[in-house]
Amino acid sequence: MPGLLAVTPPHKTARGRERDNFIAYLMLSGNTSFSTEEFLKLTNDAAGLFYQSAGPLTSAMRKTADQINSKLLERNLTTTGRGQYALGLLVLAVVRENQCTLLLSGPTHAVWVSEGQSRHIYEPVLSGKGLGAGQSGNTYLSQIELHPQDLLVLCGTFPRDWEADLLNERPPASLDASYRKLTFTKGDLNAVLIQAQSGHGTITILRPEVKTVSSLAGQPTPSPALAPGASVDQTPGRPTPVTSSPLATEEAVAPQQTEAQTHQEMGDLNSDRLPAELPDEEPVTNDQTIITDEKLDALADFAAHMVQPSAYAIPPQAESNTPLPKEEMQAPTSGMRGFPTSIPRAKPVEPKVVPEETSLEEEIPLETTVESSSQPGRARRRRGRFNVNTAGTRQVAKAMVGGIQTGRRLNERIGSFLQKFIPRLLPSADSNRPFALPTYLLILIAVFIPAIVVTVASLVYFRFGQSIQYDELFAQATTAQQQAMSETDPSRQRDEWQRVLTYLNEADKYRDTEEGKSLRAQAQTNLDTLMGIIRLEFMPAFPNGLGNSMQISHMAASESDLYMLDAEGGKILHASFTGKSLQLDNAFNCQPGSYGGYQVDTLVDLIALPKANALNATVMGVDTSGTLLYCAPDQIPQAIPLPALPNTNWGRITSISLDSGNLYVLDAPSRAVWVFVGKDSTFIDTPYFYFGNEIPANIESAIDLAANGDDIFMLHADGHLSTCMFSRLSDAPTRCQDPAPRVDNYPAHRDVDIFQLAHFTQMSLTSAPNSVILLLDSENQSVFRFSPRSFELQNQVTGYAGKANPFKRGSVNAMAVSPNYVLYLAIGDQVYFATNLP
């Protein structure tokens, strides 16, 4: 089916996409044409971008949707002069083991049916109108957990009778039974039916068995046409597998609107192709099957179905000058129901024309004459009814003709009046007029009258129109509030409070009222409680920022100072805390260079040192080759290389951590963590290798390191954590856990994995006695707090929402926390801080 693509990961993917199976379902609406090749290119390019996008899953899915939106928008801009456009309705489904993450853009539907529960995912307010209408498209993300025999339906239009077939089904029916029930509905079907099964991760796309129209007409049924490379399932009534690739999912695909299939037993209108055409006219014989009125109705519906435009718009057909056959010229272009030429029909019966009715039929074509050529039986019956009521019908027709003539005369009089009146409004040299306005006055009238009309119309709209819009949106928000307060399920409460905030965001575009602010505060407070979110008051640290050229990559903080690493120049910046803001120290010198005969390259990480140390330094940086740079205000930097490694060299230093005077150095490319025993923040002894015989399998993907006593924590590029516990006993080696399990006990998170929706880029460990692991979610501008022992989520920390949000747009580049629990976040060229971190 055009617009449907289901693939498994290729051999070479970006980091984090190795286990993701990708399903894209794209539907187009509008009045421009799209070929199957263009459909395939859109979906194939989307799949290619998805598998080349590293990082969190949701970020890759959003990038994929943005690419489709950009291509559709570019096409719409090129065809807007011709009045042509196309809007994309998109559903992306990514299956990783038993987790299925869904992205909906446009008013699309996803229905999940499982043992004892079901869920209809449909959020048109959040998912927007579709792709291709603006620079950015709205998307709605959701997540479900698949079990064997679960059903998942993706569609753009949700028929009413599907609610009973899907949402009330306990347990879910088989794939065949579900397909038969869903395709029994009337009208066009464009949907995807998926069933999960226990297996080895394969995708099987199924195509329904083909039955042609001629089976209804008593003609031999031709063999089904299969796609190239297809294999036939000999079991009657079973779908035929078309392609296979690794994912334990089955999909029954309803073909496009331009394809049709008619089942003899239930009139299902979904097929791959139509049979060869039969002769237009054929005499009715005794050995032929008589077509009853019911079958004629079914065939008429079928014909109406066949002439409807497809979901991705039929290309405009060129006009043809070929003369039509006589039978077709007699039929009107509207007001009748056509039949496919493959249906055997009886010879038309010549209508009997009543001389007295000739003039009447010329003025008003009757349905009797129209259908005499295609449906003789019905034509005779309808002509009989016409003869019975000839007099009454003639009177009605005469009245209609009289009304039409009266309307024409009225239009002629109005046109004549305007032709005489309008020239009198314009300047003219005709001196015979009894009264003529000066030219300058006419110009003033032409300028000021439209301006006054526009002004008055604007005032009326802003006074009454916006008020009506606001009242409607606020009423919807109030209804969602009442629904949220009546719900007992935390997940449903979460969704309703989100709807309240969505409606209020739209209402604020028209008016800003106290009742709206009060309702927003209530909704935000309840939603934060359900989601475990703590909002702190963040303040900008620098009134004018650091400059557009600054990109802070790492930060370290002491009780009164903040040190920032500039990613562009590889140098360290210093700012002192004044209580209300930070003061940048422009005289501070701590950058790459040659110091004391040692060359320091670009710095990659930094640590704020204790006040008491042998070199009187306040901050220490390190480059990729293991050279330390000690810096302090009003002092010349000092460079000291780390002691040589035993029997090896540095690969590339990724991160460092200081705990109890010992320096932990992560060399991810070399699969190593080295520990330097320190004294007064100097390190002169040969280090020891932290791991024994057991090294975490994915240590090459580690991007950050934190140490707490003999335990270390590593954050990986795909967002998962690993932890190791050092053992000083030879009989009990150092043991690691990769990945470390993260525990989420919030009931409102039951149907969504918030860790999958986050993009963790940095990690930090707060000082005792309240030691917690902090993970920076850069895209969502928040910080997750975990217990260091059980890895249980405690809460999320972020700024205030709505208009009180102090953060600028963009991702958080760096995070730091001071010993006195001041949290710093760097966004662009600005740093924000909050002093009351829990």
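The values are calculated or read from the model by the stated rules, or taken from the named source; none is laboratory data. Since the structure is predicted, the reported quantities are computational estimates derived from the model, not experimental observations. Every residue, glycine as well, gets a Cβ built from its backbone with ideal geometry; the counts of neighbours run over all protein chains shown. Calculation scope for accessible area: heavy atoms of the full protein, side chains included, ligands and nucleic acids excluded. Shrake-Rupley method; radii C 1.70, N 1.55, O 1.52, S 1.80 Å.
Restricted to segment 726-776, and to residues that are of a type in the set (Lys, Arg) and under 28 Å from the mean Cα position of the chain (by Cα), which residue is modelled with the highest pLDDT?
ARG742
Could you tell me whether segment 697-716 includes any residue that is assigned to a loop (DSSP other than H, G, I, E, B), under 28 Å from ALA826 (Cα atoms) and open to solvent by less than 60 Å² (accessible area, probe 1.4 Å)?
no
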- Quick check, is LEU629 assigned to a strand (DSSP E or B) and touching a Cys at 6+ places or on another chain (Cβ under 8 Å)? yes
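Are any residues in segment 640-678 among the small types (Gly, Ala, Ser), open to solvent by less than 10 Å² (accessible area, probe 1.4 Å) and assigned to a strand (DSSP E or B), and if so, which ones? Can you show your working first?
Step one: of segment 640-678, the residues among the small types (Gly, Ala, Ser) are 644, 651, 655, 657, 660-661, 668, 670, 672, 678.
Filter once more, so that each one left must be open to solvent by less than 10 Å² (accessible area, probe 1.4 Å): 655, 668, 672.
Hits for segment 640-678 are SER655, ALA672.
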- Message: Can you pull out every residue in segment 723-750 that is among the β-branched types (Val, Ile, Thr) and assigned to a strand (DSSP E or B)?
- Response: THR723, VAL743
- Would you check if there is a residue in segment 761-768 being over 26 Å from VAL812 (Cβ atoms), hydroxyl-bearing (Ser, Thr, Tyr) and surrounded by 13 or more Cβ atoms within 10 Å (Cβ to Cβ)? no
- Query: In the set THR108, THR32, THR79, which member is of a type outside the set (A, V, I, L, M), surrounded by fewer than 17 Cβ atoms within 10 Å (Cβ to Cβ) and more than 21 Å from ILE754 (Cβ to Cβ)?
  - Reply: THR79
- Task: Looking only at segment 190-219, count how many residues are in contact with a strand residue (DSSP E or B) (Cβ under 8 Å, 6 or more places away or on another chain) and either open to solvent by 30 Å² or more (accessible area, probe 1.4 Å) or at pLDDT 80 or above (or both).
- Result: 14
- Tell me the helices (runs of 4 or more DSSP H) entirely within segment 22-135 that contain at least 1 residues that are modelled with pLDDT of 90 or more. 36-51, 57-79
- Count of segment 124-150 residues which are under 23 Å from ALA748 (Cβ atoms), in contact with a helix residue (DSSP H, G or I) (Cβ under 8 Å, 6 or more places away or on another chain) and either surrounded by fewer than 19 Cβ atoms within 10 Å (Cβ to Cβ) or in contact (Cβ under 8 Å) with a residue 60 or more places away in the chain (or both): 5
- Residues located in segment 1-21, provided they are assigned to a loop (DSSP other than H, G, I, E, B) and hydrophobic (A, V, I, L, M, F, W, C): MET1, ALA14
- Residue pairs within 7 Å by beta carbon, gap of at least six or interchain, first lying in segment 514-534 and more than 15 Å from ALA804 (Cα to Cα), second open to solvent by 60 Å² or more (accessible area, probe 1.4 Å) and assigned to a helix (DSSP H, G or I), listed first then second, are LEU527/GLN498
- Query: Pairs, please: C-beta under 6 Å, at least 6 apart or cross-chain, first residue more than 14 Å from ALA46 (Cβ to Cβ) and in segment 1-25, second part of a loop (DSSP other than H, G, I, E, B) and among the aliphatic types (A, V, I, L, M)?
  - Reply: THR8/LEU247; ALA14/ALA54; ARG15/ALA54; ARG15/ALA717; GLY16/ALA54; ASN21/LEU247
- segment 584-626, subset aromatic (Phe, Trp, Tyr) and in a strand (DSSP E or B), residue surrounded by the fewest Cβ atoms within 10 Å (Cβ to Cβ): TYR598
- Task: Could you please give the count of residues in segment 635-658 that are under 20 Å from LEU565 (Cβ atoms) and not β-branched (Val, Ile, Thr)?
- Result: 11
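Consider TYR821 carefully, then state whether it is touching a Leu at 6+ places or on another chain (Cβ under 6 Å), more than 29 Å from MET61 (Cα to Cα) and buried (at least 20 other Cβ atoms within 10 Å of the Cβ).
no
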- Yes/no for ALA86 being within 30 Å of HIS716 (Cβ to Cβ) and either aliphatic (A, V, I, L, M) or buried (at least 19 other Cβ atoms within 10 Å of the Cβ) (or both): no
- For segment 577-591, name all the residues that are closer than 23 Å to GLY626 by Cα and more than 44 Å from the chain's Cα centre (by Cα). PHE588, ASN589, CYS590
